[in-house]
Amino acid sequence: MGPAGVRQHNEAGPLGMKRVNGVKDAVGRAARCADLPIAGYRCSGRGDLRYPGAATWLFHRQVLREEEYLKRHYGRAYEQYCRLVRRYF
């Protein structure tokens, strides 16, 4: 028991952080990219481009799927719209 009957937690949490009087203390290792295994492997933390690359590819794929649907649904009107408006920027 701590002061005024407040229980102190000194055991480390899942990221090596400690709680003292209910407040997280930055003792132990900090949560960094290299410390967290994600998708079965650790990211290097040095400009790892796998995740942004995968996210960009998934986003682009979704855009292409939606464009295909819009072409089928709206036909010539959508094709004319596409000639006037750029896809991303």
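Nothing in this text is a laboratory measurement; each read-out follows from the coordinates by a stated rule. This structure is a prediction, so every number in the text was calculated from the model and none was measured. Positions of Cβ are generated from backbone atoms using ideal geometry, with glycine treated the same way; all protein chains shown enter the neighbour counts.
Taking a Cβ cut-off of under 12 Å around residue 78, the surrounding Lys, Arg, Asp and Glu residues balance to a net charge of 0, with basic ones at +1 and acidic ones at -1. Going by a ≥ b ≥ c, the root eigenvalues of the Cα gyration tensor, does region 48-89 fall in the rounded group (a/c under 1.5), the prolate group (a/b larger than b/c) or the oblate group? Oblate.
Each Lys and Arg adds +1 at its Cβ and each Asp and Glu adds -1 at its Cβ; summed about the Cα centre, region 48-89 shows a dipole of about 140 debye.
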